[in-house]
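See structure below.
The values are calculated or read from the model by the stated rules, or taken from the named source; none is laboratory data. Because the structure is a prediction, the values reported are computed rather than measured. FYI the Cβ positions are ideal-geometry reconstructions off the backbone, even for glycines, and counts take in every protein chain you see.
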(Lines give C-alpha, C1' and ligand atoms only; values in the text may rest on other atoms or scores of the structure.)
Protein backbone atom coordinates (compact mmCIF):
# COMPACT_ATOMS: atom_id res chain seq x y z
CA UNK A 1 0.00 0.00 0.00
CA UNK A 2 1.12 3.57 -0.74
CA UNK A 3 -0.48 6.52 1.01
CA UNK A 4 -0.96 9.90 -0.65
CA UNK A 5 0.17 13.32 0.63
CA UNK A 6 -3.45 14.18 1.51
CA UNK A 7 -3.62 11.21 3.85
CA UNK A 8 -0.65 12.60 5.75
CA UNK A 9 -1.97 16.13 6.29
CA UNK A 10 -3.81 15.39 9.56
CA UNK A 11 -1.17 13.07 11.03
CA UNK A 12 0.24 14.46 14.30
CA UNK A 13 2.34 11.54 15.53
CA UNK A 14 5.93 10.54 14.73
CA UNK A 15 6.40 10.05 10.99
CA UNK A 16 7.87 6.91 9.42
CA UNK A 17 8.18 6.33 5.67
CA UNK A 18 7.28 2.64 6.07
CA UNK A 19 4.94 1.01 8.60
CA UNK A 20 3.32 -2.38 9.16
CA UNK A 21 -0.38 -2.42 10.06
CA UNK A 22 -2.34 -5.67 10.27
CA UNK A 23 0.31 -7.53 8.31
CA UNK A 24 0.21 -5.02 5.44
CA UNK A 25 3.18 -2.83 4.51
CA UNK A 26 2.33 0.85 4.02
CA UNK A 27 4.80 3.11 2.21
CA UNK A 28 3.96 6.67 3.19
CA UNK A 29 4.35 9.73 0.97
CA UNK A 30 5.52 12.94 2.62
CA UNK A 31 2.96 15.64 3.30
CA UNK A 32 3.21 18.75 1.12
CA UNK A 33 1.60 22.14 1.63
CA UNK A 34 -0.31 22.58 -1.59
CA UNK A 35 -1.34 25.84 -3.24
CA UNK A 36 -5.03 26.82 -3.28
CA UNK A 37 -4.79 27.78 -6.96
CA UNK A 38 -6.87 25.52 -9.22
CA UNK A 39 -4.61 22.97 -10.90
CA UNK A 40 -1.40 24.07 -9.16
CA UNK A 41 -2.29 22.55 -5.79
CA UNK A 42 -3.41 19.29 -7.39
CA UNK A 43 -0.13 18.98 -9.31
CA UNK A 44 1.81 19.61 -6.11
CA UNK A 45 -0.01 16.68 -4.50
CA UNK A 46 0.28 14.30 -7.46
CA UNK A 47 4.01 14.74 -8.21
CA UNK A 48 5.36 13.34 -4.91
CA UNK A 49 2.86 10.47 -5.09
CA UNK A 50 4.03 9.61 -8.62
CA UNK A 51 7.64 9.66 -7.42
CA UNK A 52 6.77 7.41 -4.49
CA UNK A 53 4.93 4.94 -6.75
CA UNK A 54 7.91 4.83 -9.12
CA UNK A 55 10.32 4.29 -6.22
CA UNK A 56 8.25 1.47 -4.74
CA UNK A 57 7.55 -0.13 -8.13
CA UNK A 58 11.30 -0.59 -8.62
CA UNK A 59 11.50 -2.19 -5.18
CA UNK A 60 8.33 -4.33 -5.14
CA UNK A 61 7.99 -5.02 -8.91
CA UNK A 62 4.17 -5.15 -8.95
CA UNK A 63 2.11 -6.84 -11.68
CA UNK A 64 -0.74 -4.34 -11.26
CA UNK A 65 -1.30 -0.82 -9.94
CA UNK A 66 -4.65 -0.55 -8.13
CA UNK A 67 -5.56 3.10 -7.48
CA UNK A 68 -8.39 4.18 -5.23
CA UNK A 69 -10.43 7.32 -5.91
CA UNK A 70 -10.06 10.28 -6.13
CA UNK A 71 -8.27 11.14 -9.37
CA UNK A 72 -5.38 12.60 -7.37
CA UNK A 73 -4.39 8.95 -6.87
CA UNK A 74 -5.48 7.64 -10.27
CA UNK A 75 -3.58 10.09 -12.49
CA UNK A 76 -0.15 9.38 -10.92
CA UNK A 77 -0.89 5.64 -11.21
CA UNK A 78 -1.70 6.12 -14.91
CA UNK A 79 1.53 8.03 -15.48
CA UNK A 80 3.57 5.22 -13.97
CA UNK A 81 1.47 2.47 -15.50
CA UNK A 82 2.21 3.76 -18.97
CA UNK A 83 5.89 4.34 -18.18
CA UNK A 84 6.44 0.90 -16.64
CA UNK A 85 3.90 -0.97 -18.81
CA UNK A 86 1.90 -2.11 -15.78
CA UNK A 87 -1.93 -2.50 -15.93
CA UNK A 88 -3.86 0.10 -13.92
CA UNK A 89 -7.14 -0.49 -12.10
CA UNK A 90 -9.14 2.47 -10.82
CA UNK A 91 -11.60 1.95 -7.95
CA UNK A 92 -14.34 4.51 -7.34
CA UNK A 93 -16.38 4.62 -4.14
CA UNK A 94 -17.91 8.04 -4.79
CA UNK A 95 -17.41 10.86 -7.25
CA UNK A 96 -15.09 13.41 -5.68
CA UNK A 97 -16.86 16.36 -7.28
CA UNK A 98 -20.26 15.39 -5.82
CA UNK A 99 -18.90 14.96 -2.30
CA UNK A 100 -17.24 18.38 -2.57
CA UNK A 101 -20.59 19.98 -3.47
CA UNK A 102 -22.19 18.66 -0.28
CA UNK A 103 -19.21 19.86 1.79
CA UNK A 104 -19.65 23.33 0.29
CA UNK A 105 -16.25 23.36 -1.46
CA UNK A 106 -17.82 24.47 -4.74
CA UNK A 107 -21.13 24.41 -6.61
CA UNK A 108 -22.49 21.78 -8.97
CA UNK A 109 -21.69 22.67 -12.59
CA UNK A 110 -19.05 25.20 -11.50
CA UNK A 111 -15.79 25.32 -13.49
CA UNK A 112 -13.98 23.16 -10.93
CA UNK A 113 -16.87 20.70 -10.77
CA UNK A 114 -16.93 20.25 -14.55
CA UNK A 115 -13.14 19.99 -14.73
CA UNK A 116 -12.93 17.23 -12.12
CA UNK A 117 -15.84 15.39 -13.71
CA UNK A 118 -14.10 15.53 -17.10
CA UNK A 119 -10.83 14.29 -15.64
CA UNK A 120 -12.64 11.42 -13.87
CA UNK A 121 -14.18 10.39 -17.19
CA UNK A 122 -10.80 10.68 -18.93
CA UNK A 123 -9.17 8.46 -16.30
CA UNK A 124 -11.91 5.82 -16.50
CA UNK A 125 -11.59 5.60 -20.28
CA UNK A 126 -7.83 5.01 -20.06
CA UNK A 127 -7.43 2.61 -17.16
CA UNK A 128 -7.44 -1.11 -17.92
CA UNK A 129 -10.30 -1.89 -15.51
CA UNK A 130 -12.70 0.22 -13.44
CA UNK A 131 -14.17 -0.94 -10.12
CA UNK A 132 -17.27 0.85 -8.80
CA UNK A 133 -19.12 0.54 -5.51
CA UNK A 134 -22.62 0.17 -6.93
CA UNK A 135 -24.80 0.18 -10.02
CA UNK A 136 -25.60 3.89 -9.66
CA UNK A 137 -21.95 4.79 -10.31
CA UNK A 138 -21.72 2.28 -13.16
CA UNK A 139 -24.78 3.66 -14.95
CA UNK A 140 -23.49 7.21 -14.59
CA UNK A 141 -20.16 6.25 -16.18
CA UNK A 142 -21.90 4.38 -19.00
CA UNK A 143 -23.70 7.64 -19.82
CA UNK A 144 -20.22 9.20 -20.15
CA UNK A 145 -19.27 6.56 -22.74
CA UNK A 146 -17.10 4.49 -20.41
CA UNK A 147 -17.33 0.90 -21.66
CA UNK A 148 -19.45 -1.35 -19.41
CA UNK A 149 -17.18 -4.25 -20.43
CA UNK A 150 -14.31 -2.80 -18.40
CA UNK A 151 -16.39 -2.05 -15.29
CA UNK A 152 -17.13 -4.33 -12.34
CA UNK A 153 -19.38 -3.59 -9.36
CA UNK A 154 -17.76 -4.49 -6.03
CA UNK A 155 -20.38 -3.77 -3.38
CA UNK A 156 -19.85 -2.77 0.22
CA UNK A 157 -19.36 -5.76 2.49
CA UNK A 158 -19.08 -6.45 6.20
CA UNK A 159 -16.97 -8.71 8.36
CA UNK A 160 -19.56 -10.92 10.02
CA UNK A 161 -17.13 -11.53 12.90
CA UNK A 162 -17.38 -7.81 13.75
CA UNK A 163 -21.16 -7.54 13.38
CA UNK A 164 -22.90 -10.47 14.97
CA UNK A 165 -25.19 -10.97 17.96
CA UNK A 166 -24.08 -9.06 21.04
CA UNK A 167 -25.41 -8.27 24.47
CA UNK A 168 -26.43 -4.64 25.07
CA UNK A 169 -23.60 -2.58 26.55
CA UNK A 170 -24.32 -2.65 30.29
CA UNK A 171 -22.29 0.50 31.02
CA UNK A 172 -24.08 2.57 28.39
CA UNK A 173 -27.43 1.09 29.40
CA UNK A 174 -26.89 2.46 32.90
CA UNK A 175 -25.23 5.71 31.84
CA UNK A 176 -27.88 6.65 29.29
CA UNK A 177 -30.81 5.36 31.41
CA UNK A 178 -32.35 3.54 28.47
CA UNK A 179 -33.80 0.58 30.35
CA UNK A 180 -37.45 0.11 29.42
CA UNK A 181 -37.24 2.65 26.61
CA UNK A 182 -37.64 2.30 22.84
CA UNK A 183 -34.47 3.53 21.15
CA UNK A 184 -34.19 5.01 17.66
CA UNK A 185 -30.58 5.21 16.59
CA UNK A 186 -28.10 6.54 14.07
CA UNK A 187 -24.45 5.46 14.11
CA UNK A 188 -22.14 7.18 11.64
CA UNK A 189 -20.67 10.50 10.51
CA UNK A 190 -22.64 13.72 10.82
CA UNK A 191 -22.60 15.03 7.25
CA UNK A 192 -25.26 17.41 5.91
CA UNK A 193 -26.51 14.89 3.37
CA UNK A 194 -27.30 12.36 6.14
CA UNK A 195 -30.43 14.37 6.97
CA UNK A 196 -30.09 14.14 10.75
CA UNK A 197 -31.90 17.47 11.07
CA UNK A 198 -34.91 15.75 9.49
CA UNK A 199 -34.56 12.88 11.95
CA UNK A 200 -34.68 15.32 14.86
CA UNK A 201 -37.87 16.88 13.46
CA UNK A 202 -39.47 13.44 13.06
CA UNK A 203 -38.37 12.39 16.52
CA UNK A 204 -39.83 15.59 18.00
CA UNK A 205 -43.25 14.53 16.67
CA UNK A 206 -42.91 11.05 18.17
CA UNK A 207 -41.62 12.40 21.49
CA UNK A 208 -44.67 14.65 21.80
CA UNK A 209 -46.95 11.62 21.56
CA UNK A 210 -45.09 9.09 23.70
CA UNK A 211 -42.70 9.11 26.64
CA UNK A 212 -41.06 5.77 25.93
CA UNK A 213 -38.78 6.83 23.03
CA UNK A 214 -35.18 8.00 23.05
CA UNK A 215 -33.02 9.10 20.11
CA UNK A 216 -29.38 7.99 20.12
CA UNK A 217 -27.00 9.76 17.72
CA UNK A 218 -23.55 8.16 17.86
CA UNK A 219 -20.68 9.81 15.99
CA UNK A 220 -19.50 13.29 15.08
CA UNK A 221 -18.89 15.49 12.09
CA UNK A 222 -19.49 18.83 10.42
CA UNK A 223 -23.13 19.23 11.53
CA UNK A 224 -22.63 18.24 15.18
CA UNK A 225 -22.85 21.79 16.54
CA UNK A 226 -25.98 22.58 14.52
CA UNK A 227 -27.64 19.36 15.65
CA UNK A 228 -26.98 20.13 19.32
CA UNK A 229 -28.50 23.58 18.83
CA UNK A 230 -31.54 22.01 17.16
CA UNK A 231 -31.96 19.61 20.10
CA UNK A 232 -32.14 22.62 22.45
CA UNK A 233 -34.59 24.50 20.23
CA UNK A 234 -36.88 21.46 20.09
CA UNK A 235 -36.68 21.01 23.89
CA UNK A 236 -35.33 17.48 23.47
CA UNK A 237 -32.22 17.69 25.64
CA UNK A 238 -33.52 14.97 27.99
CA UNK A 239 -34.66 12.74 25.09
CA UNK A 240 -31.68 12.85 22.71
CA UNK A 241 -28.33 11.23 23.56
CA UNK A 242 -25.22 12.38 21.66
CA UNK A 243 -22.18 10.62 23.17
CA UNK A 244 -19.76 11.44 20.34
CA UNK A 245 -17.51 8.79 18.81
CA UNK A 246 -17.40 5.35 20.39
CA UNK A 247 -14.60 2.81 20.03
CA UNK A 248 -15.17 0.42 17.12
CA UNK A 249 -15.02 -2.69 19.30
CA UNK A 250 -17.95 -1.42 21.39
CA UNK A 251 -20.23 -0.61 18.45
CA UNK A 252 -21.94 -4.06 18.23
CA UNK A 253 -23.05 -3.74 21.85
CA UNK A 254 -24.39 -0.26 21.06
CA UNK A 255 -26.35 -1.62 18.08
CA UNK A 256 -27.80 -4.18 20.51
CA UNK A 257 -29.30 -1.33 22.55
CA UNK A 258 -31.18 0.11 19.57
CA UNK A 259 -34.63 -0.98 18.35
CA UNK A 260 -34.69 0.78 14.96
CA UNK A 261 -31.96 2.52 12.92
CA UNK A 262 -32.74 5.63 10.85
CA UNK A 263 -30.98 6.80 7.66
CA UNK A 264 -32.89 9.89 6.40
CA UNK A 265 -30.45 10.95 3.66
CA UNK A 266 -31.35 13.90 1.47
CA UNK A 267 -31.79 13.24 -2.24
CA UNK A 268 -28.72 14.66 -4.01
CA UNK A 269 -26.46 13.21 -6.70
CA UNK A 270 -24.11 11.76 -4.09
CA UNK A 271 -26.81 9.84 -2.20
CA UNK A 272 -28.66 8.79 -5.35
CA UNK A 273 -25.52 7.25 -6.87
CA UNK A 274 -23.67 5.83 -3.86
CA UNK A 275 -24.65 3.02 -1.50
CA UNK A 276 -23.81 3.50 2.21
CA UNK A 277 -22.23 0.92 4.50
CA UNK A 278 -24.04 1.59 7.79
CA UNK A 279 -27.43 0.04 6.86
CA UNK A 280 -25.58 -3.21 6.10
CA UNK A 281 -24.07 -3.15 9.59
CA UNK A 282 -27.52 -2.58 11.10
CA UNK A 283 -29.08 -5.44 9.12
CA UNK A 284 -26.22 -7.77 10.03
CA UNK A 285 -26.89 -6.95 13.68
CA UNK A 286 -30.55 -7.93 13.21
CA UNK A 287 -31.88 -4.37 13.20
CA UNK A 288 -34.43 -2.76 10.87
CA UNK A 289 -33.15 0.19 8.81
CA UNK A 290 -35.65 2.98 8.09
CA UNK A 291 -34.19 4.86 5.14
CA UNK A 292 -35.10 7.54 2.63
CA UNK A 293 -35.81 6.23 -0.86
CA UNK A 294 -32.70 7.70 -2.49
CA UNK A 295 -31.01 5.57 -5.15
CA UNK A 296 -28.19 4.37 -2.89
CA UNK A 297 -30.67 3.03 -0.33
CA UNK A 298 -32.89 1.38 -2.94
CA UNK A 299 -29.95 -0.79 -4.04
CA UNK A 300 -29.69 -2.19 -0.50
CA UNK A 301 -33.16 -2.17 1.04
CA UNK A 302 -36.35 -3.92 -0.08
CA UNK A 303 -39.30 -2.12 1.49
CA UNK A 304 -41.14 -4.33 3.95
CA UNK A 305 -38.66 -7.19 3.52
CA UNK A 306 -35.20 -6.02 4.63
CA UNK A 307 -36.18 -2.56 5.88
CA UNK A 308 -38.50 0.40 5.44
CA UNK A 309 -38.21 3.11 2.78
CA UNK A 310 -39.92 6.51 2.99
CA UNK A 311 -40.01 9.47 0.55
CA UNK A 312 -36.79 11.47 0.95
CA UNK A 313 -37.33 14.73 2.83
CA UNK A 314 -40.77 13.73 4.15
CA UNK A 315 -40.63 14.21 7.93
CA UNK A 316 -44.17 12.93 8.51
CA UNK A 317 -43.50 9.71 6.59
CA UNK A 318 -40.28 9.17 8.55
CA UNK A 319 -42.06 9.64 11.88
CA UNK A 320 -44.90 7.32 10.81
CA UNK A 321 -42.48 4.59 9.71
CA UNK A 322 -40.50 4.75 12.93
CA UNK A 323 -43.65 4.69 15.04
CA UNK A 324 -45.13 1.76 13.17
CA UNK A 325 -42.03 -0.37 13.59
CA UNK A 326 -41.68 0.48 17.27
CA UNK A 327 -45.31 -0.53 17.88
CA UNK A 328 -45.37 -3.73 15.80
CA UNK A 329 -42.97 -6.27 17.32
CA UNK A 330 -44.06 -9.00 14.90
CA UNK A 331 -43.34 -6.87 11.82
CA UNK A 332 -40.02 -5.68 13.24
CA UNK A 333 -38.88 -9.20 14.10
CA UNK A 334 -39.83 -10.56 10.68
CA UNK A 335 -37.89 -7.85 8.83
CA UNK A 336 -34.91 -8.22 11.16
CA UNK A 337 -34.69 -11.92 10.37
CA UNK A 338 -34.89 -11.41 6.60
CA UNK A 339 -32.37 -8.56 6.67
CA UNK A 340 -29.76 -10.47 8.68
CA UNK A 341 -29.99 -13.50 6.38
CA UNK A 342 -29.77 -11.34 3.24
CA UNK A 343 -26.62 -9.54 4.39
CA UNK A 344 -24.90 -12.77 5.31
CA UNK A 345 -25.78 -14.30 1.94
CA UNK A 346 -24.95 -11.32 -0.26
CA UNK A 347 -22.67 -8.81 1.46
CA UNK A 348 -19.90 -10.53 3.39
CA UNK A 349 -16.32 -9.50 2.67
CA UNK A 350 -15.63 -13.00 1.33
CA UNK A 351 -18.35 -12.68 -1.30
CA UNK A 352 -17.94 -9.03 -2.29
CA UNK A 353 -14.15 -9.24 -2.70
CA UNK A 354 -14.06 -12.60 -4.49
CA UNK A 355 -14.44 -10.87 -7.88
CA UNK A 356 -11.08 -9.08 -7.61
CA UNK A 357 -9.28 -12.15 -8.91
CA UNK A 358 -11.23 -11.92 -12.18
CA UNK A 359 -10.70 -8.15 -12.37
CA UNK A 360 -6.93 -8.56 -12.04
CA UNK A 361 -6.90 -11.38 -14.56
CA UNK A 362 -8.79 -9.26 -17.10
CA UNK A 363 -6.35 -6.37 -16.65
CA UNK A 364 -3.35 -8.66 -17.17
CA UNK A 365 -4.93 -10.40 -20.17
CA UNK A 366 -5.62 -7.07 -21.89
CA UNK A 367 -1.91 -6.19 -21.74
CA UNK A 368 -0.99 -9.56 -23.26
CA UNK A 369 -3.14 -8.99 -26.34
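Numbers below:
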{"quantity": "Filtered residues of the range 255-269 (kept if surrounded by fewer than 24 Cβ atoms within 10 Å (Cβ to Cβ) and within 19 Å of residue 102 (Cα to Cα))", "calculated": "266, 267, 268, 269"}
{"quantity": "Yes/no for residue 82 being modelled with pLDDT of 90 or more and within 20 Å of the chain's Cα centre (by Cα)", "calculated": "no"}
{"quantity": "Candidate set from the range 6-38 (those that are over 19 Å from residue 54 (Cα atoms) and touching a residue at least 24 places away in the same chain (Cβ under 8 Å)); member that is surrounded by the fewest Cβ atoms within 10 Å (Cβ to Cβ)", "calculated": "38"}
{"quantity": "Yes/no for residue 336 being in a helix (DSSP H, G or I) and free of Cβ contacts under 8 Å to residues at least 40 places away in the same chain", "calculated": "no"}
{"quantity": "Unique residue being modelled with pLDDT under 95 and in the same structural domain as residue 364 (by TED's automatic domain parsing) when the list is 119, 141, 175, 137", "calculated": "119"}
{"quantity": "Top-ranked residue of the range 151-161 - restricted to ones that are more than 17 Å from the chain's Cα centre (by Cα) and touching a residue at least 40 places away in the same chain (Cβ under 8 Å), ranked as farthest from residue 123 (Cα to Cα)", "calculated": "160"}
{"quantity": "Scan of the range 313-361 for residues that are touching a helix residue (DSSP H, G or I) at 6+ places or on another chain (Cβ under 9 Å), modelled with pLDDT of 95 or more and over 22 Å from residue 259 (Cβ atoms), ordered by number", "calculated": "313"}
{"quantity": "Residues being touching a strand residue (DSSP E or B) at 6+ places or on another chain (Cβ under 8 Å) and either within 25 Å of residue 311 (Cβ to Cβ) or not in a helix (DSSP H, G or I) (or both) - total across the range 211-240", "calculated": "14"}
{"quantity": "Exclusive hit being surrounded by 14 or more Cβ atoms within 10 Å (Cβ to Cβ), closer than 19 Å to residue 93 by Cβ and more than 19 Å from the chain's Cα centre (by Cα), set 274, 315, 355, 294", "calculated": "355"}
{"quantity": "Subset of the range 82-112 [touching a strand residue (DSSP E or B) at 6+ places or on another chain (Cβ under 6 Å) and either in contact (Cβ under 8 Å) with a residue 60 or more places away in the chain or surrounded by fewer than 23 Cβ atoms within 10 Å (Cβ to Cβ) (or both)]", "calculated": "86, 88, 89, 91"}
{"quantity": "Strands (runs of 3 or more DSSP E) enclosed by the range 241-323 - at least 3 residues per element that are out of contact with any strand residue (DSSP E or B) (no Cβ under 8 Å at 6 or more places or on another chain) and assigned by TED's automatic domain parsing to the domain that holds residue 205", "calculated": "none"}
{"quantity": "Matching residues, the range 255-281, being under 15 Å from residue 189 (Cβ atoms), in contact (Cβ under 8 Å) with a residue 60 or more places away in the chain and in contact with a helix residue (DSSP H, G or I) (Cβ under 8 Å, 6 or more places away or on another chain)", "calculated": "261, 262, 263, 264, 265, 266, 270, 271, 274, 276, 281"}
{"quantity": "Conditions (1) surrounded by 11 or more Cβ atoms within 10 Å (Cβ to Cβ); (2) within 21 Å of residue 118 (Cα to Cα); (3) over 27 Å from the mean Cα position of the chain (by Cα); number of the one not met by residue 41", "calculated": "(3)"}
{"quantity": "Given (1) assigned to a helix (DSSP H, G or I); (2) touching a strand residue (DSSP E or B) at 6+ places or on another chain (Cβ under 6 Å), number of the condition residue 204 does not satisfy", "calculated": "(2)"}
